[in-house]
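Student: To start, I am sharing the structure in question, which I have written as structure tokens.
The values are calculated or read from the model by the stated rules, or taken from the named source; none is laboratory data. Just so it is clear, the model here is predicted, and its values are computed rather than measured. Every residue, glycine among them, receives a Cβ derived from its backbone with ideal geometry; neighbour counts consider all protein chains shown.
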Amino acid sequence: MTTGYAYDPIEQIHNQPGHVENNRRTAEALARLREKGLLDLLPQIPIQPIQREQLLRVHLPDYLDRVQEMDARGGGMLDYETYMVPGSLQAALMSAGAGIALTRAVLQGQIRNGMSVMRPPGHHALPAEAMGYCIFANAALAARAAQIEMGLERILIIDWDVHHGNGTEAIFYDDPSVAFVSFHQYPLYPGTGAATDIGAGPGLGTTLNIPMPPGVGDIGYWRAFDELVVPFAHRFQPELIIVSSGYDVHWRDPLSQMNMTLMGYAQLARRAVALAEALCDGRLVVLLEGGYDIPAVGYGVLNTVLALLGETEFQDPLGPPPNPETDATDRIQELRAIHNL
């Protein structure tokens with residue numbers, strides 16, 4: 001078994017000139033993968049658009065009706081920053097479908113792990129509303145499909161986008177069958193994801209928020225993964241790991257103030273692969289979220305796929321950040337105490 005990828009060019013239609021979440025992000029990622037020869041080497045997993053009955057596992061009927069009505073009108077704004085143009089609905093349906101297709105391919109043993117290079121992203125989407133460039137909750141929908149269609153019981157979602165994955169968290173906050181980890185700059189949009197938000201009811205303790213101060217980079221993220229995520233995951237014992245991979249923690253990203261490098265992302269992805277190997281027979285699905293410096297997204301996706309393949313040599317033409325990294329020791333110790341890790 002090897003690494004697969006999911007892509008459909010319909011996502012290029014979802015594009016608004018001048019908007020930071022645009023189709024250049026995936027075009028650049030595909031260019032880097034093609035340049036490395038990976039698009040010819042790796043199996044491309046066929047995608048089907050997600051069906052309404054699958055969407056209803058996460059989203060409310062009224063919300064799905066609003067999205068369809070806006071599509072019928074030729075587009076508009078679902079919220080103050082989440083746009084739709086003609087074709088956006090089909091792109092969103094395929095983006096959500098890509099996560100399910102990859103999950104099925106992994107669980108059926110067609111591939112060992114895989115990555116979706118599809119957009120729009122999904123981790124801010126709530127059951128009843130779009131948010132933060134996200135229309136459908138791609139990672140949550142893949143997790144529910146794994147449970148309902150493929151018989152899994154416990155799934156871990158790790159979100160290392162620079163923004164808190166508030167949509168994914170809200171969907172599973174009281175659900176003990178899906179554990180959620182979110183690395184994020186704090187404070188930053190959307191303002192959620194406090195260290196003390198750890199789940200509720202039956203899901204108490206299955207949410208691990210890792211709110212990082214501005215300036216944290218490679219070392220802080222690696223330490224947080226090793227000292228927090230690894231013991232948290234071992235305690236939960238997932239049967240599948242889904243990663244919401246945003247590349248906006250990179251030091252060049254225009255929407256954040258963090259210090260991650262491309263090599264930092266590569267080593268973070270290697271850690272996710274090792275964790276999946278240790279806990280769930282390598283079952284790992286990576287979904288594209290944010291990232292708005294175009295070269296950083298392209299090389300970030302390339303390095304992630306190389307890590308999924310088990311490679312140890314990565315590309316970082318953008319180099320280190322100009323400023324020193326903020327120390328994350330206090331935050332990591334605080335979270336270890338909160339979660340008894």
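Student: Going through Asp197, Asp175, Asp159 one at a time, which residue ends up being over 26 Å from Glu21 (Cβ atoms) and of a type in the set (Asp, Glu)? Even if it seems obvious, please write down each step before you answer.
Tutor: Values: Asp197 fails: over 26 Å from Glu21 (Cβ atoms); Asp159 fails: over 26 Å from Glu21 (Cβ atoms).
On inspection, the qualifying residue turns out to be Asp175.
Student: Something else now. Among (1) part of a loop (DSSP other than H, G, I, E, B); (2) more than 16 Å from the chain's Cα centre (by Cα); (3) crowded, with 21+ Cβ neighbours inside 10 Å; (4) not aromatic (Phe, Trp, Tyr), there is one condition His123 misses while meeting the rest; what is its number?
Tutor: Against the list (1) part of a loop (DSSP other than H, G, I, E, B); (2) more than 16 Å from the chain's Cα centre (by Cα); (3) crowded, with 21+ Cβ neighbours inside 10 Å; (4) not aromatic (Phe, Trp, Tyr), His123 comes up short only on (2).
Student: Name the one entry in Asp316, Asp330 that is at pLDDT 95 or above and part of a loop (DSSP other than H, G, I, E, B). Step through it out loud before you land on a result.
Tutor: Values: Asp330 fails: part of a loop (DSSP other than H, G, I, E, B).
Checking each option against the conditions leaves just Asp316.
Student: Just the residues that are in a loop (DSSP other than H, G, I, E, B) and farther than 21 Å from Ile242 by Cβ, please, taken from region 177-187. Step through it out loud before you land on a result.
Tutor: Taking region 177-187 and keeping what is in a loop (DSSP other than H, G, I, E, B), we get 177, 186-187.
If the condition is that a residue be in a loop (DSSP other than H, G, I, E, B) and farther than 21 Å from Ile242 by Cβ, then Tyr186, Pro187 are the ones that fit.
Student: While we're looking at this one, here's another question. Only one residue in Asp79, Asp161, Asp174 is surrounded by 24 or more Cβ atoms within 10 Å (Cβ to Cβ), modelled with pLDDT of 95 or more and in a loop (DSSP other than H, G, I, E, B). Which one?
Tutor: Numbers: Asp79 fails: surrounded by 24 or more Cβ atoms within 10 Å (Cβ to Cβ); Asp174 fails: surrounded by 24 or more Cβ atoms within 10 Å (Cβ to Cβ).
Of Asp79, Asp161, Asp174, the one residue that is surrounded by 24 or more Cβ atoms within 10 Å (Cβ to Cβ), modelled with pLDDT of 95 or more and in a loop (DSSP other than H, G, I, E, B) is Asp161.
Student: Let me ask something else. Tally time: how many residues in region 21-76 are without any contact (Cβ under 8 Å) to a residue 24 or more places away in the chain, more than 22 Å from Thr2 (Cβ to Cβ) and either assigned to a helix (DSSP H, G or I) or not basic (Lys, Arg) (or both)?
Tutor: Looking only at that region, the number is 18.
Student: OK, next. Given the residues Ala307, Ala272, Ala328, which is the only one that is in contact (Cβ under 8 Å) with a residue 24 or more places away in the chain and under 20 Å from Arg34 (Cα atoms)? Break it down stepwise before answering.
Tutor: Numbers: Ala272 fails: under 20 Å from Arg34 (Cα atoms); Ala328 fails: under 20 Å from Arg34 (Cα atoms).
Result: Ala307 is the single residue among Ala307, Ala272, Ala328 that is in contact (Cβ under 8 Å) with a residue 24 or more places away in the chain and under 20 Å from Arg34 (Cα atoms).
Student: Mind checking which residues of region 1-14 are surrounded by fewer than 18 Cβ atoms within 10 Å (Cβ to Cβ) and either closer than 18 Å to Pro295 by Cα or of a type in the set (D, E, K, R) (or both)?
Tutor: Of all residues in region 1-14, those surrounded by fewer than 18 Cβ atoms within 10 Å (Cβ to Cβ) come to 1-2, 9, 12-13.
Matches in region 1-14: Gln12 only.
Student: Please state which one of Ala101, Ala105, Ala92, Ala96 is in contact with a helix residue (DSSP H, G or I) (Cβ under 7 Å, 6 or more places away or on another chain) and surrounded by 15 or more Cβ atoms within 10 Å (Cβ to Cβ). I'd like the intermediate steps shown before the answer.
Tutor: Details: Ala101 fails: in contact with a helix residue (DSSP H, G or I) (Cβ under 7 Å, 6 or more places away or on another chain); Ala105 fails: in contact with a helix residue (DSSP H, G or I) (Cβ under 7 Å, 6 or more places away or on another chain); Ala92 fails: in contact with a helix residue (DSSP H, G or I) (Cβ under 7 Å, 6 or more places away or on another chain).
After ruling out the rest, the residue left standing is Ala96.
Student: Right, here's the next one. For region 58-76, which positions are surrounded by 15 or more Cβ atoms within 10 Å (Cβ to Cβ) and farther than 30 Å from Asp174 by Cα?
Tutor: Filtering region 58-76 for residues surrounded by 15 or more Cβ atoms within 10 Å (Cβ to Cβ) gives 58-59, 63-64, 66-67, 70-71, 75.
Residues satisfying the conditions are Met70, Asp71, Gly75.
Here is a yes/no grid of residues against (1) surrounded by fewer than 18 Cβ atoms within 10 Å (Cβ to Cβ); (2) within 16 Å of the chain's Cα centre (by Cα); (3) within 20 Å of Ala307 (Cβ to Cβ); (4) among the polar types (S, T, N, Q):
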position	(1), (2), (3), (4)
Val229	no, yes, yes, no
Ser244	no, yes, yes, yes
Asp248	no, yes, yes, no
Trp251	no, no, yes, no
Met258	no, no, yes, no
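Student: Restricted to region 13-29, and to residues that are β-branched (Val, Ile, Thr) and more than 15 Å from Gly87 (Cα to Cα), which residue is nearest to the chain's Cα centre (by Cα)? Write out each step before concluding.
Tutor: Pass one, region 13-29, residues β-branched (Val, Ile, Thr): 13, 20, 26.
In the following step, the residues that additionally are more than 15 Å from Gly87 (Cα to Cα) were identified as 20, 26.
Values: Val20: 17, Thr26: 14 Å.
Looking at residues that are β-branched (Val, Ile, Thr) and more than 15 Å from Gly87 (Cα to Cα), I get Thr26.
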